[in-house]
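The values are calculated or read from the model by the stated rules, or taken from the named source; none is laboratory data. A quick note: this is a predicted structure, and the numbers were derived from the prediction, not measured. Neighbour counts run over all protein chains shown; Cβ positions are idealised from the backbone, glycine included.
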């Protein structure tokens, strides 16, 4: 690469040498060569996971973190660990805001300025607790990447303030999908699951405010022991009170963080909620509402639910059990969270299309 284009880029090569001059950093699996780059890492392992165009962070302890995958459709901007809820099933426990999280997100946007980007996800923690700083990130995503689909993962509570909702709608320029968590049709159940009283009322008001402003909303419902037996009633509430949303998703849990800490209180087997999930999904489907199932493997869904199950787990933490290797539907399956401390491996039953005439119902 010409010298004048090296600033801000990291070179990946066999050895550290004089050809590293001008680069912001240097990364190699070999030993250092004729020149020691002050921001170089040598004898590195795992560099096969780094591709041309990736945005990476090098730290003083020798860690290389990929902040943005050039060939991934599942990138996100993690802007804060802070949150105004304390969900029992949260895989990312809330913590005091670290300003560096936001700094890194903004630097990623700096690096993306001249690129074509198809998708951007803004997440946390709860991104909206950053107020004006959240609005700045959202506005940059919408303005600098008008072709991108922008998703905001949020509990929706702060949008109950009409002024903040209005500023958010302006910043998004009509291009964002606000993915709002709503975990019950009963306010006390939702509030208990998210660990903050008044959350249901605030989220409901926030959804309505966003909708009034023309913003697209997706409602996400994490299935747990505390709500699975009311999935059908939740689906009916969506049709009665939130029929205007762009999408609805029922989600299996990622058992890590708070979810692992509260495992006995919230964990429920997919087989235990399978019939309830089918009822809820089919109820919404018959009502004409666009519905999907995230994070639940096909073999743990009922036959009627399987067409709504999506490959929803981020590639960097998506795994399959050993018995999945012989499954004829693996390429269409969500698989499992590799980050989960518990996986229902004993429930997995690979599909074998040659075992029966009706391939949609084949079990091992």
*How many residues, within segment 192-210, are more than 22 Å from the chain's Cα centre (by Cα) and in a helix (DSSP H, G or I)?*
6
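Matching residues to (1) surrounded by fewer than 17 Cβ atoms within 10 Å (Cβ to Cβ); (2) over 19 Å from the mean Cα position of the chain (by Cα):
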residue	(1), (2)
98	yes, yes
108	no, no
128	no, no
147	yes, yes
152	no, no
165	no, yes
175	no, no
180	no, no
_Kindly evaluate residue 224 against the criterion of being at pLDDT 95 or above and either surrounded by fewer than 22 Cβ atoms within 10 Å (Cβ to Cβ) or outside any loop (DSSP other than H, G, I, E, B) (or both)._
no
*segment 62-118, subset in contact with a strand residue (DSSP E or B) (Cβ under 6 Å, 6 or more places away or on another chain) and in a loop (DSSP other than H, G, I, E, B), residue farthest from residue 225 (Cα to Cα)*: 62
*Can you find a residue in segment 173-184 that is assigned to a helix (DSSP H, G or I) and either modelled with pLDDT under 95 or closer than 21 Å to residue 277 by Cβ (or both)?*
no
*With respect to residue 209, is the statement that it is surrounded by fewer than 17 Cβ atoms within 10 Å (Cβ to Cβ) and free of Cβ contacts under 8 Å to residues at least 60 places away in the same chain true?*
no
*When residues of segment 129-156 are filtered for being touching a strand residue (DSSP E or B) at 6+ places or on another chain (Cβ under 9 Å) and not in a strand (DSSP E or B), how many remain?*
12
*Restricting to helices (runs of 4 or more DSSP H) lying wholly in segment 253-364: which have 3 or more residues that are under 20 Å from the mean Cα position of the chain (by Cα) and within 17 Å of residue 225 (Cα to Cα)?*
258-261
*Please indicate, with yes or no, whether at least one residue in segment 264-279 is surrounded by 13 or more Cβ atoms within 10 Å (Cβ to Cβ) and without any contact (Cβ under 8 Å) to a residue 24 or more places away in the chain.*
no
